[in-house]
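Report on the following structure.
Read-outs: derived from the displayed coordinates by stated rules, not from any lab. A quick note: this is a predicted structure, and the numbers were derived from the prediction, not measured. When we count neighbours, we look across all protein chains shown, and the Cβ atoms used for this are built from the backbone with ideal geometry, even at glycine.
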Amino acid sequence: MTTVKTLLGLPGLRLRPRAGSDLLDRPVTRIYVTELSDPGRYLSAGELVLSGLLWWREPGDAEPFVAALARSGAAALAASGADSGGIPDDVVDACVRHRIPLLEVPADLSFSVITEQVVLALAAASDSARKRLQAAADAPVETLLERASAELGLPCWVLSGFGRVVAGTSPLPSPGADVVRRYAAREPGSLTVVPVEGRHAVPWLVLVGGPLSTAQTELAEELAGLVGVTRARSPRPEAELPDEARVVALRTEGSEESEDVLRELLPDGLLLESAGDTAYAATTLRPSSTELSTVEPLLRAKRILCGVSDPGPRAEAWESARYALEVASRRRITVVAAGEVGAHELLLAGAPDGLRAALRRRVLGPLLDYDAEQHADLVHTVRVFLECSGSPTRAAKALHVHVNTLRYRIGRAGELLGADLTEFAGQLDVYLALRMEE
């Protein structure tokens, strides 16, 4: 890593610190030459700003210039007083006030020489940094991040596509899911994100805590490559789960990514079966819709669906998760927990579409035909009545009609269906037929 102190040691430059001697460990990422009185819009963090002070005319001029350097996170100011009779006290005071290291450039030294020397130093440091990072190629991800962070002078993290922090050199400043969403939406953020290439369906992301120079970007890309190699060769630990763990069924519509998604989603999971777009795993965890909605934009799948059983014997939990997955596909909900779904819904979810349509037509046919011919809505009336537990008063209130009107409609519907809708047996068949359309 090239620091301000490194530049003081470059042969032939003869730079002399005038302020900020305690700040010389700041990393330098690039050099920028300017004579603008307020260069803030063109600056970025880590830059060595080189200036002949042509913008300085009188005391007070230094304040906006140096304040702009401080706001941008500039590493230091290297200034020549050749055209101003030396560096004005105003500039020195502003650098002290804003904690910007100030280096005095000899009056007889050309800026082109400084630029050449600094660029060569940055290039050499970048090449050395890559070699030092490559030397740790066989190390765990945590070690790779520590080495890269030391070279970049910035914190580093590896994030799963689900927003889980795989490793990091400090606490992540933003929720991982938010970082992934911004990355997927191509929204700018305070972190630099570099994708980790590999054969995995769920990508990992390398994050660096700030904007990067060209050389730093190359190092971050090198880090991402090494992390990808480490991930590919890391063996997945064998899961040891209790006999009554829950089962998760996951489907990736339009792709065969289910197994990779399930493995990344459930670090403790035991893969039970994988067949193209659907996979099953036993786990002690319970996935959430938030996790799946976070990773979905990064996948080829059109939609991710998930059914989750309650903990129980493996065979029973498997069937429960399978039916919950079917409920999820019919409800257009990402994750369905079997324990939160009515028993009749799980049973209906297991019936083939053709059978469901035939049963619905057999039970409700006369009512459907009547509504179509008379432009009526008796089907809706019956459904509301049954969902109000067969209470005429509650159903009439929900439909905004008089209770006698409600009783007449229910009586007419019962005649058409050949069923007594005031009796439980008749209500059950009709209600199940109504739910079959879902």
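Data overview
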{"item": "Ranked by how many other beta carbons lie within 10 Å on average, peptides 87-95, 247-255, 195-203 from highest", "result": "247-255, 87-95, 195-203"}
{"item": "Within the stretch 67-90: backbone nitrogen closer than 20 Å to the residue 109 label point (7 Å, Cα to C-beta)", "result": "74-89"}
{"item": "Two-site FRET efficiency, residue 214 against residue 314, from Cβ-Cβ distance with R₀ of 35 Å, rounded to 0.05", "result": "0.05"}
{"item": "Residue 377-residue 150 pseudo-label distance in nm [points 7 Å out on the Cα-to-Cβ vector]", "result": "7.2"}
{"item": "Using a Förster distance of 35 Å, the FRET efficiency for residue 44-residue 234 (Cβ separation, nearest 0.05)", "result": "0.50"}
{"item": "Reported label for calculated P(r) over Cα pairs in 20 Å bins from 0, in percent given (i) 25, 53, 21, 1; (ii) 24, 57, 18, 1; (iii) 20, 32, 23, 17, 8, 0", "result": "(iii)"}
{"item": "Potential lengthening between residue 97 and residue 8 on full extension [0.36 nm per residue; Cα-Cα distance subtracted]", "result": "29.9 nm"}
{"item": "Under 28 Å from residue 5, Cα to Cα: lysines that are on another chain or at least 8 residues apart", "result": "131"}
{"item": "Cα-based radius of gyration of the stretch 123-273 once divided by 2.2 N^0.38 Å, which approximates compact folds", "result": "1.14"}
{"item": "FRET efficiency, 1/(1 + (r/R0)^6) with R0 51 Å, evaluated for residue 300 and residue 124 via beta carbons", "result": "0.75"}
{"item": "222 nm mean residue ellipticity, helices alone, for the chain (DSSP H n ≥ 4; -39,500 (n - 2.57); rounded to 500)", "result": "-14000 deg cm²/dmol"}
{"item": "Computed label-point distance, nm, for sites residue 290 and residue 271 using a 7 Å Cα→Cβ extension", "result": "2.8"}
{"item": "Taking the chain and dividing mean pair separation by its residue count, relative contact order in percent (alpha carbons under 8 Å, at least six apart)", "result": "9"}
{"item": "Added length on full extension, which subtracts the Cα-Cα distance from 0.36 nm per residue, residue 197 to residue 22", "result": "59.0 nm"}
{"item": "Cα-projected label distance for residue 142 with residue 187, points at 7 Å along beta-carbon direction, nm", "result": "3.2"}
{"item": "Cut-off 15 Å between beta-carbons: net charge of the residues surrounding residue 393, Lys and Arg +1, Asp and Glu -1", "result": "+3"}
